[in-house]
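**Q** First the structure, which I've put down as C-alpha cells, then a few questions once you've had a look.
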Amino acid sequence: MIDRTVATNPRSTAEVAALAYDSDLRPPPFVDELVQLWRYRDLVLLLTGNILKNRYKRSLLGILWMLLNPLLQTIVLAIAFGALFQSALPHYPIYLLSGLLAWNFVTQTTQYAMGVMAGGGGLLKRIYIPRATYIVAVVGNGLVNSLVSIVPLLLVMIVFQHPLGASWAFLPFSLLILTAFTLGLALLLSTASVFFTDSIDIYQIVVQAGFFLTPIMYPPSVLPGPLNDWLLLNPFYLLIELFRTPIYANAVPDAGLIASATALALATLLTGWTVFTRRVDQLAYRL
Amino acid sequence: MIQIDNVTVRFRIPHERIPTFQEYAIRWLKRRGVRYADFNALNDISFSVEQGETIGIIGPNGAGKSTLLKVIARVLRPTRGRLRLRGRVAPLLELGAGFDYEMTGRENVFLNGAVLGFSRKDIARRLDRIVDFSGIGDFIDAPVRTYSSGMVARLGFAVATDIRPEVLIIDEVLAVGDAEFQQKSAARIREFRGSGSTILVVSHSPASIKALCDRALWLEHGAIRAIGPADAVVDQYAPGKPVR
C-alpha cells in the first residue's frame, strides 16, 4: 500500500535545527569540505559506480575491455622491448604489467579528474554538492579499475609460472598509498585546470615524458649513472616500486622505500586538500 | 527564516581573457600586470524573509535575481556579507539536477536524491511514493533518455518535494508536465505553504507575483530598488501593465 500523503515534517526539531546554516559560523573549508563529503558519501559512491557503468555499458565487449586493455598494452610493449630486457628482467611481462598498473592508475585518474573539473565540474555551478565529490568519485573509479586489472596480471603470472608469495599481503597497503597520492595529485591538478586551462596540455606532456623517464618498461640500471642518482626524486618511481616489488620480486619493499613513499603520499594528499579547499569557494565563480 | 546581511557577490572579469599559463607568464614578464574589472552581481544587499512567507523576486534581466537564488541555495558563497537560514532548501530551478540520461528512472531517483543530500536508505524507503507521485508508471525502469522533457521534470519534482523543504525556490509559474500534473504540483506547493515553508518565487509576470506572494523584492543592478507588499512593489515596477 502506497502512502499518498506528503510527509509534512518527518524530522525531529533537533534535526531541522541542525540544518541551520550561517555563512559566518561555517567551519574552515579544510574541515567543512570533509564533513560535507561524509554527509554526501552515498552520492560519491553512486557516481563512482556510474562512471564505471557508463564507460563500459555501450561497448560490445563491456567489462572485458577493462581486462583486455592492460593485457594488450603489455603484449605490444613486450613484443617491442621484451628481447632487450629479457636477460636483466626474467618474466619481463610481469615486471611490465605490474609497473603499468600503478602508472595507469595514477596518470589516467588524474587526467580524468582534470578533464571533469575543467569541463565545468558537472553540477557545481547549478546546485550545492561538496565540491570534491567528482574528484573523489573519479579516484574511486580508478581504484576499482586497478583492482580489476589484477585479474589479467594473475593470468600472465600463471602463464609464466611466476611464484605468488606471501608478499601479496603487502599489496593493499601499496594500493592505499597509491590512492592517497593520486587523490592529492588529482585535487592539485583539478584546481589548476579550473584556473588555467592549458595546465591539462602541460600535464599531458609531463605524463608522456614521465612514462619514458620512469623505469616502467625498463630496469633502473638502464639509466646512466648520474640519472640513476636522481631516480629517488621521481615520485612515480617510488610508488611504482612500492606496488611492483611484492609482485615481481616476491618481497616486501625495504623500510626506506615504504617510509619515503608513505611520506610522499601523505604530503601530496595534504597539499592537494589544502590547495583545493582554499580555492573551493572560488570554483563556482570560475567554472 | 532567511536572513541576508550586506551580501555582495563580486565577479572578477579580466579585460582580456587570460586563461592560460603561457599568456599569464608573458604578461607577467612584460610587467603589464593583469587588469580586471570587478562586477558586483549583488551589491550590499540586506533583507530577511520570515518563516512561512512567500516572497516574489522581480527585476529586469541581469538584475541579480539568479545570483541571489544561488547564494541562498549555497552554490555561490557571497564575496562579503552573511547568509543565515534554517532548514533544507529545495531549489526547484534545477529539477532533475544530475540526472544521468543513460540510466533508468529508478536509478536516477537515487542519484538525484543523493545530489539533494538524501541517503540511499532514505530514498529507498520513499521510492514507491516518489514514483507514484511522478506518474511515470512502468517507464520508471526505462532509460531517462527515452523520457519526454515533461516526464524528466515530473520525476525531478517528485524527488525534490517528497519531503517538505523549509525553503522552496521556484522559477516562474512552475509549469511542469501536463495539466493534471501541474494541478498536482501546485497543490503540493500550496500544502507546503500552509505548513510553514518559506517560498521564493522568481517571475516576470506581475500578475502571478501578485497572486502568489505576500511580499515582493525588486532587484536592479544588483541592488534592492524596493521591497514591500507584493501589490505595491509590483505596481511600482510595472505601472500600467494590465493584470492578466
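**Q** Being within 14 Å of chain A (Cβ to nearest Cβ) and among the β-branched types (Val, Ile, Thr) is the filter here, so list the residues in region B:162-215 that pass it.
**A** B:ILE163, B:VAL167, B:ILE169, B:ILE189, B:THR198
**Q** Residues being of a type in the set (Lys, Arg) and touching a helix residue (DSSP H, G or I) at 6+ places or on another chain (Cβ under 6 Å): count how many of those fall in region B:41-78.
**A** Narrowing region B:41-78 to residues of a type in the set (Lys, Arg): B:65, B:70, B:74, B:77.
Now drop any that are not touching a helix residue (DSSP H, G or I) at 6+ places or on another chain (Cβ under 6 Å), which leaves B:77.
Residues meeting the conditions: 1.
**Q** Being assigned to a loop (DSSP other than H, G, I, E, B), open to solvent by 10 Å² or more (accessible area, probe 1.4 Å) and not hydroxyl-bearing (Ser, Thr, Tyr): is that true of A:PRO163 here?
**A** Working: assigned to a loop (DSSP other than H, G, I, E, B): yes; open to solvent by 10 Å² or more (accessible area, probe 1.4 Å): yes; not hydroxyl-bearing (Ser, Thr, Tyr): yes.
Yes: the conditions hold for A:PRO163.
**Q** Please state which one of A:PHE236, A:PHE181, A:PHE212, A:PHE195 is surrounded by fewer than 17 Cβ atoms within 10 Å (Cβ to Cβ) and under 14 Å from A:ASN104 (Cα atoms).
**A** Values: A:PHE236 fails: surrounded by fewer than 17 Cβ atoms within 10 Å (Cβ to Cβ); A:PHE181 fails: surrounded by fewer than 17 Cβ atoms within 10 Å (Cβ to Cβ); A:PHE195 fails: under 14 Å from A:ASN104 (Cα atoms).
A:PHE212 is the lone residue from the list that is surrounded by fewer than 17 Cβ atoms within 10 Å (Cβ to Cβ) and under 14 Å from A:ASN104 (Cα atoms).
**Q** Here's something else I'd like to know. Report those helices (runs of 4 or more DSSP H) wholly inside region B:67-160 carrying at least 3 residues which are within 8 Å of chain A (Cβ to nearest Cβ) and surrounded by fewer than 20 Cβ atoms within 10 Å (Cβ to Cβ). Step through it out loud before you land on a result.
**A** Details: elements: B:105-115, B:120-134, B:149-160.
Answer list for region B:67-160: B:120-134.
**Q** When region A:166-178 is examined, which residues are found to be open to solvent by less than 30 Å² (accessible area, probe 1.4 Å) and under 19 Å from the mean Cα position of the chain (by Cα)? Talk me through it step by step, then tell me what you get.
**A** Quick first cut of region A:166-178, residues open to solvent by less than 30 Å² (accessible area, probe 1.4 Å) only: A:167, A:171, A:174-175, A:177-178.
Scanning region A:166-178 gives A:LEU171, A:SER174, A:LEU175, A:ILE177, A:LEU178.
**Q** In region A:29-52, what count of residues is obtained for those that are facing chain B (nearest Cβ under 10 Å) and either acidic (Asp, Glu) or in contact with an Asp or Glu (Cβ under 8 Å, 6 or more places away or on another chain) (or both)?
**A** 3
**Q** Where the second residue is outside any helix (DSSP H, G or I) and surrounded by fewer than 19 Cβ atoms within 10 Å (Cβ to Cβ) and the first is within 13 Å of chain B (Cβ to nearest Cβ) and lies in region A:185-208, which pairs have Cβ atoms under 7 Å and are six or more apart or on separate chains?
**A** Sorted first by the residue in region A:185-208, then by its partner, the pairs are A:VAL194/A:LEU287; A:PHE196/B:PRO19; A:PHE196/B:THR20; A:THR197/B:PRO19; A:THR197/B:THR20; A:ASP198/B:THR20.
**Q** Can you confirm whether region B:146-160 contains a residue that is modelled with pLDDT under 95, charged (D, E, K, R) and closer than 26 Å to B:ASN108 by Cβ?
**A** yes
**Q** Hey, another quick one. Name the helices (runs of 4 or more DSSP H) wholly within region A:1-98 that hold at least 1 residues that are modelled with pLDDT of 85 or more? Before you say what the answer is, go through the steps one by one.
**A** Working: elements: A:13-18, A:29-39, A:41-57, A:64-85.
Once the helices (runs of 4 or more DSSP H) in region A:1-98 are filtered for at least 1 residues that are modelled with pLDDT of 85 or more, what remains is A:29-39, A:41-57, A:64-85.
**Q** Quick one: which of B:GLN183, B:GLN236 is modelled with pLDDT under 90, outside any strand (DSSP E or B), open to solvent by 20 Å² or more (accessible area, probe 1.4 Å) and out of contact with any Asp or Glu (no Cβ under 6 Å at 6 or more places or on another chain)?
**A** On the way: B:GLN236 fails: modelled with pLDDT under 90.
Matching residue, one of B:GLN183, B:GLN236: B:GLN183.
**Q** Quick one: how many residues across region A:247-261 are β-branched (Val, Ile, Thr) and more than 21 Å from the chain's Cα centre (by Cα)? Give the derivation first.
**A** Just the residues of region A:247-261 that are β-branched (Val, Ile, Thr), to begin with: A:247, A:252, A:258.
Next, only the ones that are more than 21 Å from the chain's Cα centre (by Cα) stay: A:252.
Final tally of qualifying residues: 1.
**Q** Another one. Is there any pair with a first residue in region B:37-65 that is closer than 19 Å to B:ARG215 by Cβ and open to solvent by 50 Å² or more (accessible area, probe 1.4 Å) and a second that is polar (S, T, N, Q) and in a strand (DSSP E or B) whose Cβ atoms are under 8 Å apart and which are 6 or more apart or on different chains, and what are they?
**A** B:SER46/B:ASN6; B:GLU50/B:THR198; B:GLN51/B:THR198
**Q** Same structure again: Do any residues in region B:224-237 that are in contact (Cβ under 8 Å) with a residue 60 or more places away in the chain and closer than 23 Å to B:ALA41 by Cβ have Cβ atoms under 9 Å from those of residues that are among the hydroxyl-bearing types (Ser, Thr, Tyr) and surrounded by fewer than 14 Cβ atoms within 10 Å (Cβ to Cβ), where the two are at least six apart or on different chains, and which pairs are they?
**A** Within 9 Å, the pairs are B:ILE224/B:SER46.
The values are calculated or read from the model by the stated rules, or taken from the named source; none is laboratory data. What you see is a predicted model, and the numbers here were worked out from it, not measured in a lab. All Cβ positions, glycine included, derive from the backbone under ideal geometry; neighbour counts span all protein chains shown. For the accessible areas, the whole protein counts, side chains as well, though only heavy atoms, and no ligand, DNA or RNA atoms are used. Shrake-Rupley method; radii C 1.70, N 1.55, O 1.52, S 1.80 Å.
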